[in-house]
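What follows is a single structure, written as structure tokens, with notes after it.
The values are calculated or read from the model by the stated rules, or taken from the named source; none is laboratory data. Quick caveat: nothing in here was measured; it's all calculated off a predicted structure. In this analysis, Cβ positions are derived from the backbone assuming ideal geometry, glycine residues included, and neighbour counts consider all displayed protein chains. Surface areas here come from the heavy atoms of the whole protein model, side chains and all, with no ligands, DNA or RNA. Shrake-Rupley method; radii C 1.70, N 1.55, O 1.52, S 1.80 Å.
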Amino acid sequence: MRSLLTAAAVSLAFTLFLTPVFLRVFRHWGWGQVIRTPEDVHNPSHAAKRGTATMGGVIFIVGAIVGYLVGCYTGNNPPTASGLLVIWMMVGFGLVGFIDDFMKVRSQRSLGLSGWRKVLGQVLVTVSFGILALNFPDAYRQTPGSGLISVVRDIPVLDLFALGTVIGWILYLLWITFIGVAWSNSTNVTDGLDGLATGIGIFTIAAMSLVTFWQFNQACSGEGLVDAYQPACYPTRDPMDLTIIAASFVSALIGFLWWNAPKAKVFMGDVGSMSIGGVIAAISILSHTEVLAVLLAGAFIIGPGSVILQRVYFKLSRGRRLFLMSPFHHHLEMRGWPEITIVVRMWIIAGMLAVTGIGLFYVEWLSRT
């Protein structure tokens with residue numbers, strides 16, 4: 001518990017108090033936001049954001065890692081394979097986003113990495129993560145990841161390796177890659193208004209930290225587990241370490257939100273939004289709650305979902321539009337909604353979905369006891 005509280009406190013203090021220092025450096029380096037021309041035309045308020053310091057995701061990535069490491073070592077709780085794998089996804093996706101952001105800032109155009117190059121980078125990070133996740137067994141022969149598809153926990157009948165090792169690895173890596181790429185792009189699309197992705201990320205990953213903390217208390221390998229609760233125990237490896245890294249990341253986001261809330265002094269950029277997606281993907285995979293994450297992080301699906309609906313409707317209707325502009329939060333802007341109203345109401349939706357997901361997780365546990 002000392003590690004958890006220390007990690008959260010250090011991460012919060014890091015981003016809350018050191019962000020102004022980073023902003024001076026970012027401005028000196030010329031890291032200013034580039035706004036797309038169509039957004040300038042259809043959303044004039046976005047033109048005023050041009051030049052705002054960007055790539056702020058670097059701040060909360062570093063803050064989360066610093067808090068995590070300090071918490072682990074002050075609490076005599078060394079980092080585990082699971083915690084380091086979350087950092088792998090966080091930093092890996094963040095690096096892809098950083099390259100994209102840097103190309104935009106350097107050329108002063110809104111075009112960075114092409115779509116396929118961005119996806120290729122995400123695939124490389126996720127595939128390596130997936131391979132490592134099925135290694136490093138602990139004393140109970142538990143690996144960080146699993147070859148089974150999970151909802152609230154692993155489902156034995158959905159064994160990806162049921163058809164053999166070779167086919168199993170192919171199916172497993174395709175599944176893990178889909179999760180990683182989907183969440184990374186979903187959070188990236190959602191990052192369009194001041195504080196929007198930051199606030200949703202706080203609700204989502206905080207809910208995930210509660211899930212992993214409960215798994216720690218009900219771990220199959222834990223000492224003192226009540227016999228009556230044994231059928232409902234969780235074979236998750238390193239659930240406490242997952243809780244620590246999740247708490248570190250949430251606290252770093254909270255400190256960053258102080259500067260990112262409307263009107264934002266800094267934007268997270270693709271480096272930040274993609275790293276949030278990486279953390280969501282990694283924790284859902286390592287906590288064996290991959291499908292449950294769709295509910296816990298459901299607010300991140302609204303934006304990309306509206307983009308898909310817009311494109312499908314456009315093709316089927318031969319040029320008509322379902323929304324005034326996609327993603328959906330820009331449609332609301334076009335309808336005249338103030339930015340702060342959209343952001344806060346999306347936060348409320350994110351909170352309700354997160355609470356609902358936690359409730360479903362707990363009900364499933366009750367049904368087994």
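Residues of segment 169-184 that are open to solvent by less than 50 Å² (accessible area, probe 1.4 Å) and under 15 Å from the mean Cα position of the chain (by Cα): Ile176, Thr177, Ile179, Gly180, Val181, Ala182, Trp183, Ser184.
So that you can scan it fast, the table gives a plain yes or no per residue for (1) more than 28 Å from Val123 (Cα to Cα); (2) free of Cβ contacts under 8 Å to residues at least 60 places away in the same chain:
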site: Ala282; (1), (2): no, no
site: Lys315; (1), (2): yes, yes
site: His329; (1), (2): no, no
site: Thr369; (1), (2): yes, no
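Return yes or no: is Ile348 open to solvent by 70 Å² or more (accessible area, probe 1.4 Å), among the hydrophobic types (A, V, I, L, M, F, W, C) and not in a loop (DSSP other than H, G, I, E, B)? Here the answer is yes, as Ile348 does meet what is asked.
Only one entry of Val166, Val127, Val157 meets the criterion of being within 25 Å of Phe93 (Cβ to Cβ) and open to solvent by 40 Å² or more (accessible area, probe 1.4 Å), and that entry is Val127.
Would you call Phe22 open to solvent by 20 Å² or more (accessible area, probe 1.4 Å), within 30 Å of Ser3 (Cβ to Cβ), at pLDDT below 95 and under 23 Å from the mean Cα position of the chain (by Cα)?
Details: open to solvent by 20 Å² or more (accessible area, probe 1.4 Å): yes; within 30 Å of Ser3 (Cβ to Cβ): yes; at pLDDT below 95: yes; under 23 Å from the mean Cα position of the chain (by Cα): yes.
Judged against the criteria, Phe22 is a match.
If the requirement is being outside any helix (DSSP H, G or I) and not aliphatic (A, V, I, L, M), which of these qualifies: Gly303, Gly319? None of the others qualify; the one that does is Gly319.
In the set (1) open to solvent by less than 60 Å² (accessible area, probe 1.4 Å); (2) over 15 Å from the mean Cα position of the chain (by Cα); (3) not aliphatic (A, V, I, L, M), Asp227 fails one condition alone, (1). Looking only at segment 282-295, decide whether some residue is open to solvent by 30 Å² or more (accessible area, probe 1.4 Å), modelled with pLDDT of 95 or more, under 30 Å from Ala133 (Cβ atoms) and not in a loop (DSSP other than H, G, I, E, B). There is at least one residue in segment 282-295 that is open to solvent by 30 Å² or more (accessible area, probe 1.4 Å), modelled with pLDDT of 95 or more, under 30 Å from Ala133 (Cβ atoms) and not in a loop (DSSP other than H, G, I, E, B).
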